[in-house]
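Comments concern the structure below.
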Amino acid sequence: MSRNKSGIHLTGQKIRKQNYEQESMLCQKMIDGAKKVHLVYLDRDFNFVRVNRAYARTCGFEPSEMIGKNHFSLYPHEENEAIFKRVRDTGIAEEFHDKPFVFPDQPERGVTYWDWTLEPVKNKCGEVEGLVFSLVETTERKKAQEALKILNEELESRINQRTNELALERERLFSMLESLPVMVSLITSNYRIAFANRLFRETFGESKGRPCYEYVSGKRSPCNYCESLEPLETGKPHHWIANLENGMVIDTYDYPFIDVDGTRMVLEVNIDITEQKKLEKKLQEKDRLAAIGATAGMVGHDIRNPLQAMLSDIYLLREYLKNMPDMPIKKEVAESLEGIENNIGYINKIVADLQDYARPLNPEFSDVNLADVITTIFKNIELPDNIKLSIDLKTLPTIRTDPTFIKRSLTNLVNNAIQAMPNGGNLEITAYMQNDNIFITVSDTGIGIPEEVKPKLFTPMVTTKSKGQGLGLAVVKRLVEVLNGSITFESREGKGTKFSINIPIIPDTQKSG
């Protein structure tokens, strides 16, 4: 026996009870002190024996209100109940991460996520007499992880998209640089030529791995100060005049250039001004187009005269061939003449496009039967055997317009359609009247127009073809608009393209280009 402060003797049983109550109170305070961890102790039938304040508060109760109640009576859940039974029956603890749960009495909370630990409590005989169930809510972490995943996916998508865009831009840039009428090169920091366009190669030959000072200037070592590489030092454009040892005088524009892989180089534009004064302004795209157009207008006539003479000579040569005995060389000569004639036609088209784009257009209006104009364009167009032509002309009125402009526009569109179908396809021409307007459409089943080209399709020097000046559609737009008309298009890559020309039946004949 023992004596307390009041002098009352306590039996051993009372002392043990008092100690148990003290330990129980201390245990409750300890589990209540876990603010973030939800703790409960369940008996074998999953009735609440102990509940900490965090768990009870989440469930909307006081801890004392939950003691004795059954867990799955409050929160029925077949899957979770099966897990509890498995731990009780096997005596093996289980853990779960980010396990979803919806409170049936709190649907407004939506899906919540929890980290579980379910530990069996065994007696001295090794029998499971209860379960310690601890939970930590991970809903916010889960949402943050999902948001981060979405953000990473979005970032990766944007990076991939930008990488593809840069690759396409690089490809388009090099394609454009290749056809420019000025010398263009890319120079690395160790004086190597990473790229040289056609005119540059024609002027200086192939580099064959030689450094630029040897390749271009014929020197054995670089200058003490290389003006070409100045943009690598300053990050700014640099303009200077190069006097080469072979007598050439080159007007040089150097620009800092960063390739898609991050390599820093110099984009150099060279203009041979040996026989002319230094250009007064930097070459800009708009000024260059104007210069090309003016030149085409001045020399177009002089170019066409020798072209016509060449065509006459070809005609005479063909007449001579007719009288020659059949032999292998006869066929070869005929094929060569045909190739020359096609190239002359191509040169003539370039001159015509340049002139049509650069010069003022003054249409000559007359009464025109559009059906006749549309059908006659195929007299001068050779249609490949693998392309099927369909012409659907509704009843059309006679209108006042310029038949030459209409024919030029449709010829360009038909030739573009043929070139867009290298493996064959269907070419369809339709014309119909609607609301005092004539609509003419040219449709093909070809390769279509890339999305990135569509916004600039009618801009000069924009083309999807490997060769050409990119003026064809710009010329068509001018020809149509000078007739008070308009042109639109629809296209899907791999599906084909349809151009639609809209011409008013009664145009304003005072308008000119």
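Looking at the range 168-209, the trypsin sites (Lys or Arg not before Pro) that sit in a DSSP loop and have at most 12 other Cβ atoms within 10 Å of their own Cβ are K208. Amide hydrogen proximity for A194: with H placed 1.01 Å from N in the peptide plane, the residues at 5 or more positions away or on another chain lying under 5 Å are L186, I187, T188.
Here the range 139-155 is scanned for amide nitrogen atoms under 17 Å from the site 7 Å beyond the Cα of R109 along Cα-to-Cβ, giving 139-143. Once divided by 2.2 N^0.38 Å, the Cα radius of gyration of the range 366-504 becomes 1.00. Across the range 390-407, rounded Karplus estimates of 3J(HN,Hα) from the backbone phi angles (6.51 cos²θ - 1.76 cosθ + 1.60, θ = phi - 60°) give 10, 10, 10, 10, 6, 5, 10, x, 6, 10, 8, 7, 9, x, 5, 5, 4, 5 Hz, Gly and Pro being marked x.
Take every pair of alpha-carbon atoms less than 8 Å apart whose residues are at least six positions apart; their mean separation over the length of the range 366-504 yields a relative contact order of 24 percent. When a/c reaches 1.5 or more, the comparison of a/b and b/c decides; with that in mind, is the range 166-215 rounded, prolate or oblate per its Cα gyration tensor? Since a/c reaches 1.5 but b/c is at least a/b, the shape of the range 166-215 is classed as oblate.
Convex hull volume per residue, computed on the Cα atoms of the range 126-231, equals 266 Å³.
Pairs from the list K36/K69; K99/K142; K379/K407; K388/K456; K331/K388; K456/K477 with a Cα-Cα gap above 20 Å: K36/K69; K388/K456; K331/K388. In angstrom, the C-alpha Rg and Dmax of the range 180-280 are 12.9, 39. Quick one: pull the percentage of alpha-carbon pairs in the range 378-420 with a separation above 13 Å. Of all Cα-Cα distances in the range 378-420, 66 percent exceed 13 Å.
Per the Cα gyration tensor, the range 78-141 maps to an equivalent ellipsoid with semi-axes of 27, 12, 9 Å, ordered largest to smallest.
Multiplying the residue separation of T117 and E364 by 0.36 nm and removing their Cα-Cα distance gives an extension gain of 79.9 nm.
Since every read-out is calculated from the coordinates, none of them should be taken as a lab result. Computed from a prediction, not measured in an experiment: that's the story for all the values here. With ideal geometry, Cβ positions are generated from the backbone for all residues, glycine too; neighbour counts draw on all protein chains shown.
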